[in-house]
Amino acid sequence: MLLKYLRIQAIMVLLGGLLGLLTAPETRAGEATVFAAASLKTALDQVTQDFQEDTGDKITISYGGSSVLARQIELGAPADLYLSASTAWMDYLQQGGHIDAASRVNLLGNRLALIVHGEAAIMLAITPELPLADMLGNGRLAMALVDAVPAGIYGKAALERLGLWDAVAPKVAQTDNVRAALALVATGATPMGVVYATDAAADPRVTAMSLFPEDSHPPIIYPAALTTSGNETAAAFLAYLSSDTAAERFVENGFQVLGGRDD
């Protein structure tokens, strides 16, 4: 009788173990949500794919103007990591206590370009003598929002420094982000635009007529930082963004790799 009882107990323990295996929660890969400046899309999509293939983690990216994304984070949007095209908007979030300041790095640099639809007939240096308003004719100059979006702010600063803004301002077509400005020129809706050099290289339908002088606008720096709700997957992705593998991708797309602390 005792032997029969022990056999029954053994079978029950075995069945319990099997049931536990069948009902155990599935191990899930890490997930993180990234808010990133629209101008990063081409390169960052490639880097993200590499990271996901290497780790099995899932990264979801929301692209937009740095200002819009910063406001969304301020209002509680569920972002784990923020990549801005402007140190000013990162400063804004840091001052409001919305990012982990210890994680902040200056990740990338960029240049500003004057682009045209199709192939440029000639390459012209951007100087105070450039007849930009006359070159536009009845067309418009596509730019990101000049008082809010980094690409537009940089562009306006450069045109003001060169003495070209007053003549061009009435002909500016403003967009929510720099990729939207690029799209206007790429589709021929506007003949010319001001975008980042990396944007110009990302679309074969446009040509960079010239790069703006670097001293005509503040340095274009892309800072990155975890938000105060950032998780371990986001931290791992942020570290990966400074890796040699990611650096190669960014350089291929025309970015300057900085990877420096923003102390």
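If you average over every viewing direction, what projected area does the convex hull of the Cα atoms of region 44-100 give, in nm²?
It is 4.2 nm².
Can you give the helix-only mean residue ellipticity at 222 nm for the chain, where every DSSP H stretch with n ≥ 4 adds -39500 (n - 2.57) and the sum goes over all residues, rounded to the nearest 500 deg cm²/dmol?
-12500 deg cm²/dmol
Let me know the charge dipole size of the chain about its Cα centre in debye, to the nearest 20, where only the beta-carbon of Lys, Arg (+1) and Asp, Glu (-1) is charged.
740
For the chain, with a Gaussian network of springs between Cα atoms less than 10 Å apart, report the residue from 136, 226, 44 with the top mean-square fluctuation.
136
Could I have the simple spin-label model distance between residue 54 and residue 133, label points 7 Å from Cα toward Cβ, reported in nm to one decimal?
Between residue 54 and residue 133, the label points sit 5.1 nm apart.
Which semi-axis lengths, in whole Å and largest first, follow from the square roots of five times the eigenvalues of the Cα gyration tensor of region 112-211?
One finds semi-axes of 17, 16, 12 Å for region 112-211.
Can you give me the C-alpha center-to-center distance between region 176-235 and region 79-148, rounded to a whole angstrom?
6
Helices from the chain with mean Kyte-Doolittle at least 1.0 and a Cα length along the axis of 27 Å or more, per DSSP H: which?
Correct list, ordered by number: 2-23.
For the chain, modelled as a Gaussian network with Cα springs under 10 Å, which listed residue fluctuates most, 37, 157, 167?
Per the Cα network of the chain with a 10 Å cutoff, 167 tops the list.
From the C-alpha gyration tensor of region 170-263, pull out the three semi-axes of the equivalent ellipsoid (sqrt of 5λ each), sorted largest to smallest, in whole Å.
Taking √(5λ) for each eigenvalue gives 30, 15, 15 Å, largest first.
Express in nm, to one decimal, how much length is gained between residue 91 and residue 75 on full extension, taking 0.36 nm for each residue of separation and deducting their alpha carbon distance.
Separation in residues times 0.36 nm, less the Cα-Cα distance, equals 4.2 nm.
Of the options 116, 136, 175, report the single residue whose Cα projects farthest towards the positive end of the charge dipole of region 112-211 (beta-carbon charges: Lys, Arg +1; Asp, Glu -1).
Farthest towards the positive end: 175.
In square nanometres and to one decimal, what's the mean projected area of the convex hull around the Cα atoms of region 24-141?
The directionally averaged projection comes out at 12.1 nm².
For the peptides 203-211, 63-71, 234-242, what is the packing order when you average, over each peptide's residues, the other Cβ atoms within 10 Å and list the highest mean first?
With the highest mean Cβ count within 10 Å placed first, the list reads 63-71, 234-242, 203-211.
For the chain, what is one quarter of the convex hull surface built on the Cα atoms, given in nm²?
Reported value for the Cα convex hull: 18.8 nm².
Throughout, read-outs are computed from the coordinates displayed, never taken from laboratory work. In this text, all values refer to a predicted model and were calculated from it rather than measured experimentally. Note that we place each Cβ from the backbone using ideal geometry, even for glycine, and neighbour counts take in every protein chain shown.
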